[in-house]
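This report refers to the structure that appears directly beneath it.
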Amino acid sequence: MRNPIIVTGGAGYIGSHTCKALHAAGYTPVSYDNMVYGHHWAVRWGPHEVGDIHDRTRIDAVLEEYRPTAIIHFAAYAYVGESMQDPGKYYRNNVAGTLTLLEAMRDHGIDKLVFSSSCATYGLPEQVPIAEEHPQRPINPYGTSKLMVEWMLRDFGDAHGLRAIALRYFNAAGADPASDIGESHDPETHLIPLVLDAALGRRSEVTIFGDDYPTVDGTCIRDYIHVTDLAQAHVLALQALEQGASSTAYNLGNGYGFSVREVIDCVERVTQRSVPALIGARRPGDPPRLVGDSTRIRAELGWQPVYAALDTIIATAWRWSRQKKADDQHGPNHV
Ligand code: UFG
């Protein structure tokens, strides 16, 4: 098997797109996923090992079998609202689970990790765009759990020589341009898939969470980044570690923001369908404006987003969304 890389959470949204990019770059992605939120149909570019990051015996067996030189770690819970209601679930899975994985890596002599972090580690921005030096003061347990892992990576680096690159994503969106895979969360909470569902008539409307923010049209602004561009950044980070790079963290965003209303307008334009929108209350914990400064990863790793335009992000998600309907009718093993 050529260059096996373990991808925890490889059956999830960003994990599966990264598996496709790894395969194209000459690696064998080995998906390690407990299938709580993952999809069997999303694992298409390498072996699929069902297992939990808490299960040290299972992790040991998989590391023994494939002898990977590096791990890309996505497996985590990622519902911000749920993390406020049930923080223990997030600390147990995202923090304690990652600790189990790091100890296994240490014991198997695996010293390279690419970690799926988040702009949620910054909390309320003091200025935008947000650069990596911005203070990290998360405002919810999800963001705190990701920051705690960043600290563990630093300490495992100091003590055991682990080299890790943490990638802090802004708003992942879009779908594989070939429509092999795409976004499919249950429950879905993210803006673009919800707006597309409304365009398809699968839901009657979307609710805009607040229109009284201090932004141009009163709705929240986010930096949407195409999932395939995110996936490519993981390949670049892995290659940098292979070439001896030291531990660091990079932001991943496009550097410009779109309001909720602009996203809805763009969906209407791209899909040629109308989207009924209601104004609702603000969602607790939503910062008015999150935009990332990704200058460093462009300069240091040569990352170049290919699908940066919002129209492209939405057009790929739209193609996937329409096809997903057909897949759902055929059952999850259709693909
Ligand atoms: N929104 C609506 N209506 C909806 C859904 C969302 O108005 O039905 C708004 C939100 O209030 C927000 C924007 O659309 O202003 C985007 O919301 P998402 O839920 O799609 O994404 P978030 O900005 O909340 O993403 C955050 C962090 C990420 C983190 C992610 C976890 O920015 O770093 O939550 O899912 F990974």
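Quick one: if you take sqrt(5λ) for each eigenvalue of the C-alpha gyration tensor of the range 11-163, what semi-axes come out, biggest first, whole angstrom? Could the numbers behind the result be given before it?
Working: eigenvalues 131, 65, 53 Å².
Here the semi-axes work out to 26, 18, 16 Å.
Expressed in whole Å with the largest first, what are the equivalent ellipsoid semi-axes of the range 73-136 derived from the C-alpha gyration tensor as the square root of 5 times each eigenvalue?
With the √(5λ) rule applied to the range 73-136, the semi-axes are 25, 18, 8 Å.
Run lengths n ≥ 4 of DSSP H only: what is the helix-derived mean residue ellipticity at 222 nm for the chain, with -39500 (n - 2.57) per run over all residues, to the nearest 500?
That comes out to -12000 deg cm²/dmol.
For the chain, give the magnitude of the charge dipole about the Cα centre (Cβ charges: +1 Lys/Arg, -1 Asp/Glu; no others), in debye to the nearest 20.
Using Cβ point charges on Lys, Arg, Asp and Glu, the chain gives about 300 debye.
Scan the range 139-226 for GluC sites (Glu not before Pro) in coil per DSSP, keeping those whose Cβ has at most 15 other Cβ atoms within 10 Å, and list them by number.
Glu188, Glu205
With the chain treated as a Gaussian network of Cα nodes joined by springs under 10 Å, which of Asp212, Asp52, Asp197 yields the largest mean-square fluctuation?
Asp212
In what sequence do Lys146, Lys20 fall when counting other Cβ within 10 Å, fewest first?
Least to most surrounded, the residues fall as Lys20, Lys146.
Have a look at Asp60, Asp111, Asp176 and tell me which one the Gaussian network model of the chain (Cα, springs below 10 Å) gives the largest fluctuation.
Of the options given, Asp60 has the highest mean-square fluctuation.
Could you work out the local net charge near Gln85, counting Lys and Arg as +1, Asp and Glu as -1, over the other residues with Cβ closer than 15 Å to its Cβ? Walk me through the numbers before you get to the answer.
Numbers: positive: Lys89, Arg92, Arg283; negative: Glu82, Asp86.
With Lys, Arg at +1 and Asp, Glu at -1, the net is +1.
Considering only lysines 8 or more places apart in sequence, or on different chains, count the pairs in the chain whose C-alpha atoms sit under 29 Å apart.
Here the count comes out as 7.
Using the Cα atoms of the chain to build a convex hull, what is its mean projected area in square nanometres? Present the calculation step by step, with values, prior to reporting the outcome.
On the way: hull surface 63.2 nm².
In nm², the orientation-averaged hull projection of the chain is 15.8.
With a point put 7 Å past each Cα toward its Cβ, work out how far Asp107 is from Asp158 in nm, to one decimal.
Computed distance between label sites Asp107 and Asp158 equals 2.4 nm.
Would you please state which residues of the range 193-233 a label at Ala281 would reach in this model, taking the label point 7 Å out along Cα→Cβ and a backbone N cut-off of under 17 Å?
207-213
Report the extension gain between Tyr256 and Glu242 in nm, rounded to one decimal, defined as 0.36 nm multiplied by the number of residues separating them, less their alpha carbon distance.
Once the chain is fully extended between Tyr256 and Glu242, it gains 1.9 nm.
Just the number, please: Stokes-Einstein D of the range 197-307 in µm²/s, Kirkwood Rh from C-alpha pairs, 10 °C, 1.306 mPa s. Provide the component values of the computation, followed by the final result.
Details: Rh = 16.2 Å.
Rounded, D is 98 µm²/s.
What are the ³J(HN,Hα) values, in whole Hz, obtained from phi via the Karplus relation 6.51 cos²θ - 1.76 cosθ + 1.60 with θ = phi - 60°, for each residue of the range 201-216 in sequence order, with x given for Gly and Pro?
x, 7, 9, 6, 7, 10, 9, 7, 7, x, 10, 10, 7, x, 10, 4
With viscosity set to 0.692 mPa s at 37 °C, what whole-number translational diffusion coefficient in µm²/s follows for the range 174-218 from Stokes-Einstein and a Kirkwood radius over Cα pairs?
264
Show the residues, 5+ positions off or on another chain, whose built amide H is closer than 5 Å to the amide H of Lys112.
Correct list: Ile71, Arg163.
Bear in mind that the values in this text are calculations on the coordinates, not laboratory data. Quick caveat: nothing in here was measured; it's all calculated off a predicted structure. Methodologically, a virtual Cβ is constructed for each residue, glycine included, from the backbone with ideal geometry; neighbour enumeration extends over all protein chains shown.
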